[in-house]
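Novice: Sending over a structure as structure tokens; questions will come in a sec.
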Amino acid sequence: MPADGPTIALATEKLVGIVKGSVDLSKTFTHDFALQANTTKGFKSTTTPAGPTG
């Protein structure tokens, strides 16, 4: 996912009224699973994962 993907998705959901409160993106999405899967399979990540603010 692009670094700004979670932030864009959240903004879209707020715009259409699905999300009405605040959301801590650092608790909803991380790249930990994908990074571990890449390591397990011997792949090297070539992008920087998004931080806690998307």
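Novice: Please work out, to two decimal places, the log10 of the ratio I(q)/I(0) at q = 0.23 Å⁻¹ from a Debye calculation in which every Cα of the chain carries one identical scatterer.
Specialist: -0.87
Novice: Tally up the carbon and sulfur contribution to the accessible surface of the chain as a whole percent, 1.4 Å probe, everything protein left in place.
Specialist: Of all accessible area on the chain, carbon and sulfur atoms account for 61 percent.
Novice: Continuing with this model, one more query. Can you give the extra length, in nm with one decimal, that the chain gains between residue 19 and residue 40 once fully stretched, where that is 0.36 nm per residue apart less the Cα-Cα distance?
Specialist: 4.0 nm
Novice: Count charges around residue 20 for me, please; just the other residues with Cβ under 13 Å from its Cβ, Lys/Arg as +1, Asp/Glu as -1. Before the final figure, lay out each step's value.
Specialist: Numbers: positive: 14; negative: 13.
Charge balance near residue 20 sits at 0.
Novice: Mean residue ellipticity at 222 nm from the helices of the chain, using -39,500 (n - 2.57) per DSSP H segment of n ≥ 4 over the full residue count, to the nearest 500 deg cm²/dmol?
Specialist: Computed ellipticity for the chain at 222 nm equals -11500 deg cm²/dmol.
Novice: Using DSSP to call loops (not H, G, I, E or B), can you name the trypsin sites (Lys or Arg not before Pro) in the range 1-50 whose Cβ has at most 15 other Cβ atoms within 10 angstrom?
Specialist: 20, 44
Novice: Then there's this: How much accessible area per residue does the chain have, in Å², with a 1.4 Å probe?
Specialist: Here the per-residue accessible area is 81 Å².
The values are calculated or read from the model by the stated rules, or taken from the named source; none is laboratory data. Model, not experiment: these values are computed from the prediction. Cβ coordinates were reconstructed from backbone atoms using ideal geometry, including for glycine residues, and neighbour counts include every protein chain displayed. Ligands, DNA and RNA are excluded from the accessible area calculation, which covers all protein heavy atoms including side chains. Shrake-Rupley method; radii C 1.70, N 1.55, O 1.52, S 1.80 Å.
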